[in-house]
Amino acid sequence: MSRPTWLQASFLLMGLTLLSRLMGYFRDTMVALRFGASATTDAYLIAFTLPSYLVGIISGAINAVLLPQVARRLAQDDQSGAWRLVMGAVGWVTIATLALVGLLELLAPVVLHLLAPGFRPPELALAVSLARILLFYVFFSSLAYLFGAVLNAHHRFVYAALAPSLMSGAAVAVMLFMAHPPIHLVALALLVGSVLQLLVQLLPLLGQGLRYLAWPRLADPGVRHMVRLSVPTFASNSVGSGNVMIDRIFGSTLATGSIAALAFADRVVQVPFGVFGAAVSTALFPRFAEALESKQPERLVRAFAGGVRLIVLITFPVAALMLFLAPPLIDLLFRHGAFTQQAANLTALCLRAYALALIPYSLNMVMMRVYYSLERTAELALLGVGMLALNAIGDAILVRLMGAPGIALATVLVEGSFSLLLISRLRPRLPGLGLRTLLRAAWPVGLAAVLSGALAAGLGGLLPTASTVQAAVATAAGVLVLAVSFYLFCRLFRVPEARRMGELRALLSNRAP
């Protein structure tokens with residue numbers, strides 16, 4: 001069976017990732033329903049911040065380093081060499097994560113106090129007890145993402161895209177079938193879900209990998225090369241997760257519910273980001289590595305340009321939707337049960353700021369995959385540390401001026417600055433990549449998104465949103481107006497992809513770049 005083109009793989013991943021991200025959103029919705037924007041919710045979110053941060057860094061480093069190395073050996077038809085790298089990576093990840101989890105179990109009170117300096121003693125004690133359950137999630141999820149990277153290197157995207165939904169699904173099941181579940185049981189369900197996530201991605205590889213199964217060779221030259229590359233990659237991958245951690249540190253100094261508002265607004269943005277930005281970058285990543293291995297950088301440039309056009313075409317209108325329709329959207333998604341109108345209003349303000357970060361965040365994911373393919377991990381590490389410092393400065397300034405929405409706005413500034421730095425540093429190495437490529441694709445689509453979003457907001461402002469049904473009607477009407485007007489504006493501004501929207505079969509054919 002022939003493997004899919006990157007565009008076919010992108011659309012497949014969009015559909016599968018949508019299911020996973022919706023399950024994550026549903027998990028947060030159930031937390032909002034059962035616990036509201038309360039001290040319990042804030043403690044749960046802070047407790048989950050640390051393991052989530054660590055998994056984000058570790059899994060990102062594994063994916064960035066292991067996938068291109070395995071893909072290159074597979075391109076050389078060296079199955080034995082590829083699995084030797086995989087087993088070495090399993091050994092290192094097992095040792096490192098178990099040691100890290102053990103250390104953090106001991107230091108949890110100190111670390112959580114640093115993460116939430118504004119917490120009162122009861123909130124801090126609750127956060128520590130939850131973190132001690134959730135820290136074991138680091139071990140299971142890190143291995144799960146390792147095997148997911150191996151599946152992606154084989155262009156087998158289904159299992160890796162679906163597996164994360166199991167973790168959220170376990171927590172959702174507990175909150176659905178128990179009217180008043182203890183928050184510790186929700187944390188335990190997340191841990192059980194991480195074990196299921198690992199098994200789902202390990203089982204498809206057993207049949208293929210058993211013949212190469214061997215004790216991990218930690219001193220293998222290829223494995224040591226991956227370890228050297230992974231050290232700076234931890235810093236570069238800390239940008240996204242580290243920004244969330246910094247945001248919650250500053251959020252803990254604000255009124256109760258501020259962390260929940262930031263987290264739930266970010267969850268809404270993470271759905272389209274995962275569906276579009278992460279899906280496209282995941283589909284393109286093995287092709288970047290293969291293009292460089294075959295000494296055909298022009299293939300990489302063509303694939304990159306195609307990915308940028310696709311991301312711009314999709315993320316601009318979605319960002320406009322969240323920016324202009326934030327109030328009815330948040331009312332529809334979260335204003336239920338213990339989640340009050342006041343909490344919904346604050347979450348909507350945070351969403352409007354976060355919405356602007358969707359575009360650079362998605363583009364950064366694709367550009368970072370190019371850096372990983374070029375093995376320029378040290379450069380990414382330096383840029384990543386700089387962006388973390390910029391985010392902390394932005395949070396410190398804007399939180400005083402705007403409160404929680406200021407923290408969200410600082411994220412926009414960081415991601416936008418990161419985009420400009422990444423593209424400017426890539427241009428000397430790959431002349432076909434440059435700021436002009438982004439601007440040429442972005443300006444007409446961006447103008448169409450702003451105009452269509454303004455029309456949708458005008459209509460949404462005329463409709464009531466007091467009840468869930470009214471919020472659903474206002475959101476649906478706004479989405480319909482935005483979608484139709486965006487398409488018409490794109491045709492008016494002669495956006496090339498707009499003329500092909502009715503030709504999905506051609507877009508998904510093997511003639512795709």
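The values are calculated or read from the model by the stated rules, or taken from the named source; none is laboratory data. Computed from a prediction, not measured in an experiment: that's the story for all the values here. Please note: Cβ atoms are built from the backbone with ideal geometry, for glycine as well, and neighbour counts cover all protein chains shown.
With the requirement that a residue be under 18 Å from Phe35 (Cβ atoms) and either without any contact (Cβ under 8 Å) to a residue 40 or more places away in the chain or not in a helix (DSSP H, G or I) (or both), what does segment 99-123 give you? Break it down stepwise before answering.
So in segment 99-123, the residues under 18 Å from Phe35 (Cβ atoms) come out as 116, 119-120, 122-123.
Within segment 99-123, Ala116, Phe119, Arg120 qualify.
Leu106 versus (1) at pLDDT 80 or above; (2) closer than 23 Å to Ala255 by Cβ: which is the lone unmet condition?
(2)
Looking at segment 338-389 only, could you name the residues that are of a type in the set (Ser, Thr, Tyr) and in a helix (DSSP H, G or I)? Give the steps one after another, and end with the answer.
Looking only at segment 338-389, we keep the residues that are of a type in the set (Ser, Thr, Tyr), and these are 340, 347, 354, 361-362, 371-373, 377.
Once the filter is applied, which keeps residues that are of a type in the set (Ser, Thr, Tyr) and in a helix (DSSP H, G or I), segment 338-389 yields Thr347, Tyr354, Tyr361, Ser362, Tyr371, Tyr372, Ser373, Thr377.
So how many residues does segment 36-80 have that are in a helix (DSSP H, G or I) and under 19 Å from Arg287 (Cα atoms)? Lay out the reasoning, then the answer.
Our first condition is that a residue be in a helix (DSSP H, G or I); within segment 36-80, this holds for 39-75, 79-80.
Filter once more, keeping what is under 19 Å from Arg287 (Cα atoms): 60-75, 79.
Residues that pass the stated criteria total 17.
Which of the residues that make up segment 144-168 are more than 18 Å from the chain's Cα centre (by Cα) and surrounded by fewer than 24 Cβ atoms within 10 Å (Cβ to Cβ)?
Leu151, His154, His155, Arg156 - these are the residues of segment 144-168 that are more than 18 Å from the chain's Cα centre (by Cα) and surrounded by fewer than 24 Cβ atoms within 10 Å (Cβ to Cβ).
Based on what the data block shows, is Ala283 farther than 29 Å from Leu409 by Cβ, in contact with a Phe, Trp or Tyr (Cβ under 7 Å, 6 or more places away or on another chain), assigned to a helix (DSSP H, G or I) and in contact (Cβ under 8 Å) with a residue 40 or more places away in the chain?
Working: farther than 29 Å from Leu409 by Cβ: yes; in contact with a Phe, Trp or Tyr (Cβ under 7 Å, 6 or more places away or on another chain): yes; assigned to a helix (DSSP H, G or I): yes; in contact (Cβ under 8 Å) with a residue 40 or more places away in the chain: yes.
So Ala283 fits the description; yes.
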